[in-house]
Amino acid sequence: QRDGTSIPALVQATKTGLLFFLDRRNGEPICPCEELPVPQAGMVAGETLSLTQPFPTKPAPIHPQRLEPEEAFGFTPFDRAACREKIEALRSDGLYTPPSVQGSVQYPGYIGGVNWGSLSIDPERNILVVNTSRAAGVVRLIPRAEFTEMFPDGPPAIGFEDQAGTPYGVERAPLLSPLGAPCNPPPWGTLVGVNIADGELRWDVPLGTAEGMAPFPIYKFMAKGVPNLGGPITTSSGLAFIGAATDPYLRAFSTETGEELWRGELPTAAQATPLTYRVHPDSRQLVVIAAGGHGLLGVPTNDAVVAFALP
């Protein structure tokens, strides 16, 4: 609703951690956007970069837009120092830092921000719910001759890509400490509530734990919030259901406050978006999710589909 008028709208979530509120009849921004300068340093010969990119004035970014060396995270002082050295050795000029031969920090990382799981809107409460991953990455351009020398039989399936027909191969990797933790500060995954009436952030809570990724009881003392793939759904009862995290749970949060109200155990993590349905109007409502795991996140795979219902 704007000035007493009902606007047919859509919200586009992006891997950059930006949310664009658009009029779906013509694509015009409902919340104004501004063109802001973006980094140019590190550009390789032959590339052309846009001098600016559009940024919505509201909502504010739901993911940090820059990673500084002093923000380096680590489980130990040695771990933290190693991460700081890594960040200092890379270009880290903020969102839209171009890929470079030196190597550039990609933050948000290449899984987001917001990934394909997208978002859900509760129209009765005027709240948008969306999950984010917060794990920095590294992208490095490798001159063609060097890349060919490194991989005469072709690059491995993960981490390097050929970019055939271009002057560069590319390395893409998470920015990790020697002990395997993201070099950026936690939480590494969040669930966010945004008021769609005014674009203000309503709440922001960690999503998931390191259960299944670290041994018991160590994961209980680790930072909450983990990288995630999948999305939320909202219900008219004021609940937001989501799996997505690397631990084996489907969770229900209060759409109003972001408080976790319930979790149900799964055979493995659910890198999927749940659905809810009834067979007919007077039957029980079910919430169903595919618990398949995900190799990229190091989660065991499975082929389970799990349904939950109240007694």
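The values are calculated or read from the model by the stated rules, or taken from the named source; none is laboratory data. Fair warning: this is a prediction, and the values are worked out from it, not measured in the lab. Note that each Cβ is placed from the backbone with ideal geometry, even for glycine, and that neighbours are counted across all protein chains shown. Please note that ligands, DNA and RNA were not included when accessible areas were found on the heavy atoms of the full protein model with its side chains. Shrake-Rupley method; radii C 1.70, N 1.55, O 1.52, S 1.80 Å.
Taking the solvent-accessible surface of protein heavy atoms with a 1.4 Å probe, what is the per residue accessible area of the range 159-311 in Å²?
Averaged over the residues of the range 159-311, the accessible area is 46 Å².
Accessible area per residue, 1.4 Å probe, Å², for the range 24-97: what's the number?
Per-residue accessible area for the range 24-97 comes out at 60 Å².
For the chain, take the longest principal axis of its alpha carbons; what is the angle in degrees between that and the long axis of helix 77-89, to the nearest 10 within 0 to 90?
It is inclined by approximately 70 degrees.
Rounded to the nearest 500, what is the 222 nm mean residue ellipticity of the chain from helices alone, with -39500 (n - 2.57) per DSSP H run of 4+ residues and division by all residues?
Counting only the DSSP helices, I get -2000 deg cm²/dmol.
Treating only the Cβ of Lys, Arg, Asp and Glu as charged (+1, +1, -1, -1), what charge dipole size does the chain show about its Cα centre? Round to the nearest 20 debye.
Using only the charged Cβ atoms, the result is roughly 420 debye.
With +1 on each Lys and Arg Cβ and -1 on each Asp and Glu Cβ, and nothing else charged, work out how big the dipole of the range 41-151 is about its Cα centre, in Debye to the nearest 20.
Taking the Cα centre of the range 41-151 as origin, the dipole is about 140 debye.
To the nearest 0.05, how large is the calculated FRET efficiency for Val305 and Glu161 if R₀ is 22 Å and r is the Cβ-Cβ distance?
0.10
Place +1 on the Cβ of every Lys and Arg and -1 on the Cβ of every Asp and Glu in the range 22-180, take the dipole about the Cα centre, and give the residue among Gly42, Val101, His63 whose Cα lies farthest towards its positive end.
Going by the charge dipole, the pick is His63.
Amide H neighbours of Thr255 under 5 Å, counting only residues 5+ apart in sequence or on other chains, H built in-plane at 1.01 Å?
Placed amide hydrogens put Leu239, Ala240 under 5 Å from Thr255.
Using the alpha carbon gyration tensor of the chain, what are the three equivalent-ellipsoid semi-axes (square root of 5 times each eigenvalue), largest first, in whole Å?
For the chain, the ellipsoid semi-axes come out as 34, 26, 18 Å.
Rounded to the nearest percent, how much of the accessible area of the range 1-151 (1.4 Å probe, protein heavy atoms only) is carbon and sulfur?
Carbon plus sulfur share of accessible area: 54 percent.
Output the lone cysteines of the chain: those with no second cysteine's C-beta under 4.7 Å from their C-beta.
That list is Cys31, Cys33.
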